[in-house]
Each structure stands twice: as C-alpha cells, then as structure tokens.
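Engineer: Before anything else, here's the structure in question.
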Amino acid sequence: MPYDERMVAPMRAEVTRLGVQELRTVADVDGVLANPAGTQMVFVNSVCGCAAGAARPGLSLALQNPVKPAASYTVFAGQDLDATARARSYFADYQPSSPSVALLKDGEVVYFMHRYQIEGRGPDAIAADLRAAFDAHCKS
Amino acid sequence: MGRFHEQNDRGLLMRDVAVHEVGAGDLEIWLEKQRKFGVAATHRTFRLASEEVVEIRRFSPP
C-alpha cells in the first residue's frame, strides 16, 4: 500500500531537483524507454530509509560527474506501482529491488546497481560505483 | 544468500533469501548469477539453526 504522498514528496523532490525526470505513469515510461537512443538511467526510488537514504545522496554525487547518462529518469517503487512495473519490464532479466539503478544503452542494460550494493554503504561509495559505470558506458 | 537480520541462540535469521540447493550446479556460477541479476529470493524469512551455520560471508561490496 502506498505511503501518504505528503511523506513521499520530499523523497521525490530529492531526485527530481537533480534534473532527473520522474515517470509516474505507464505512458510516461513507454514515452521515453520504448524508443531508446543513447544512454538512459532509471533510478528506482524507494521510501526504504536504510538503503534509499544513502542512494539518493549517492545519486546526487554521481550526477556531478562530467560523464553521465544522456537522459535520467526515476520511478517510485511502492508508490507509482504501474509505472514502476512497466519500467522494470525494460530490465526484466534483473530481480526487482528498490532502490536500484539501471543504466541502459540503446535499450540494453549495461549496468545494474541492486539494493544489496546500496544497503549498508555510504553515498560516497555508491557514487563511486555509479561514476565508474557512467565513465565506462556513457562516453560518446 | 539474503539479507542478514540477526544471529542469536535461536540461530541465524535472514530475509529475502535465495537458496543454492545441493546438486543444483556450480555454486560459484550461481553466486555470479545472483551478483549480476540480483538475489532471486524464494524465502521471505529463513532461519538456520546455529549448529548449521558454518560461515557468514558479506556479499555486498565494502
């Protein structure tokens, strides 16, 4: 059952203020992922304090990297259920977890950060892994 | 493999656990698959008696 939107709104804003486009409907998701071109990052947001509490600041640090995905999107697991399910269908080989980060290049998953790679780690470590993935896959 | 919850005199308690069954193929290959594609949890909660615990290894990166 989704949480009260008043509680979730700051968690959404923490990501969207980075310039990450939020996808709240199936149409939103298909509108950007169905016809992929270049590099696209999808951040699966979550209310989970023990993981998402570090994931969002980690993402913020990572997106300061000179090399980053051409487009960045976010869905909110547990809140926008249909949009999240649809987004996950674009990386269906990977077990659903939240928070998580998928990096796609021309529609193919080239990197995936699972929750187990987030929980228990700090923002700096998370950002370092994301920056390495950006450097490896997002240079034009 | 799963999320460590606690270990006490009742044993080891984990959440969201995937189990590599004996005879289910090479353990290292299985571990690598979990690492890449995520833990394919089949047990929401999993308790192992203390005497059955041989080793607890951290799977996530430091």
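Every read-out reported here was derived from the displayed coordinates using simple, explicitly stated rules and does not represent laboratory data. Just so it is clear, the model here is predicted, and its values are computed rather than measured. Backbone-built Cβ (ideal geometry, glycine too); neighbour counts: all protein chains shown.
Engineer: Give me the log10 of I(q) over I(0) for the protein assembly as shown at q = 0.18 Å⁻¹, as the Debye formula computes it from C-alpha points; what are the numbers?
Structural biologist: Results for the protein assembly as shown at q = 0.18 Å⁻¹ read -1.28.
Engineer: Then there's this: Where the centroid of each part is defined by its Cα atoms, how far is the stretch A:66-97 from the stretch A:3-21 in Å?
Structural biologist: Centre-to-centre (Cα) distance: 15 Å.
Engineer: Next up: For the stretch A:95-101, just list the computed ³J(HN,Hα) in residue order, Karplus coefficients 6.51, -1.76 and 1.60, θ = phi - 60°, integers in Hz, with x standing in for Gly and Pro.
Structural biologist: 4, x, 8, 9, x, 7, 9
Engineer: Right, another one. For residue A:24 paired with residue A:81, estimate the spin-label separation in nm (one decimal), with each label point 7 Å from Cα along the Cα-to-Cβ line.
Structural biologist: 1.8 nm
Engineer: Turning to a different aspect of this structure: So how strong a dipole does chain B carry about its Cα centre when Lys and Arg Cβ are +1 and Asp and Glu Cβ are -1, to the nearest 20 debye?
Structural biologist: Numbers: 10 positive and 10 negative charges, 76 e Å.
Rounded to the nearest 20 debye, it is 360 debye.
Engineer: Relative to the longest principal axis of chain B, what angle (0 to 90°, nearest 10) does the C-alpha long axis of helix B:27-37 take?
Structural biologist: So the helix axis and the longest Cα principal axis differ by about 80 degrees.
Engineer: Based on the Cβ-Cβ distance from residue B:48 to residue A:6, what FRET efficiency comes out when R0 is 41 Å, to the nearest 0.05? Walk me through the numbers on the way to the answer.
Structural biologist: Details: r = 41 Å, r/R0 = 0.99.
FRET efficiency, residue B:48 to residue A:6: 0.50.
Engineer: Still on this structure: With 19 Å as the limit, write out which pairs from A:139/B:33; A:139/B:36; A:105/A:139; A:105/B:33 have Cα-Cα distances beyond it, or answer none. Present the calculation step by step, with values, prior to reporting the outcome.
Structural biologist: Numbers: A:139/B:33 27 Å; A:139/B:36 22 Å; A:105/A:139 11 Å; A:105/B:33 21 Å.
Those over the limit are A:139/B:33; A:139/B:36; A:105/B:33.
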